[in-house]
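Chemist: Would you mind keeping the following structure in view while I ask a few things?
The values are calculated or read from the model by the stated rules, or taken from the named source; none is laboratory data. Just so it is clear, the structure is predicted and the values come from calculations on it, not from any experiment. Here the Cβ is made from the backbone with ideal geometry for all residues, glycine too, and neighbour counts use every protein chain on show.
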Amino acid sequence: MAPGQHVSSTPNPTSDYDVIKTPNEANNQRRFGPSPWTAKLGYLGNVAQALIVLSVMVYVYGQIAYFAPHYSSLNKTFGYWWGAPRVPSAKAPKGHTEMNRPTYFFFFGILPLFVSLFLL
């Protein structure tokens, strides 16, 4: 007991405790387990997983195809997009062949990464 206090002001360990109840607001709400919307839209999770796997496959394909002969056909396609001729000649316009590699990097490196991160 602290000095200067009366004996009756100290708590009595033998007295009854008061019952304090928490508010009963959410009796009908589920607290654990899957949320109710997953029963209706559960297929969206499967679609997201499939798109993530597809993004990983596109990324891996892009890394392998860069060193494979298939890259030359993709390089010609990207060159066509940027105005570069398929067969270089002196009379043909030059176009922007320097944009082929960044386009390839975007489609097979950056885009699959951001798609999978967005879906996570």
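Chemist: Residues in the range 33-47: is at least one at pLDDT 80 or above, under 18 Å from VAL115 (Cβ atoms) and exposed (fewer than 10 other Cβ atoms within 10 Å of the Cβ)? Reasoning before the result, please.
Modeler: Let us first name the residues in the range 33-47 that are at pLDDT 80 or above, namely 40-47.
When the remaining residues are screened for being under 18 Å from VAL115 (Cβ atoms), the result is 44-47.
Still in the running and exposed (fewer than 10 other Cβ atoms within 10 Å of the Cβ): 46.
Yes, that holds for at least one residue.
Chemist: Across the range 97-115, what is the number of residues that are within 11 Å of VAL58 (Cα to Cα) and of a type in the set (Ser, Thr, Tyr)?
Modeler: 0
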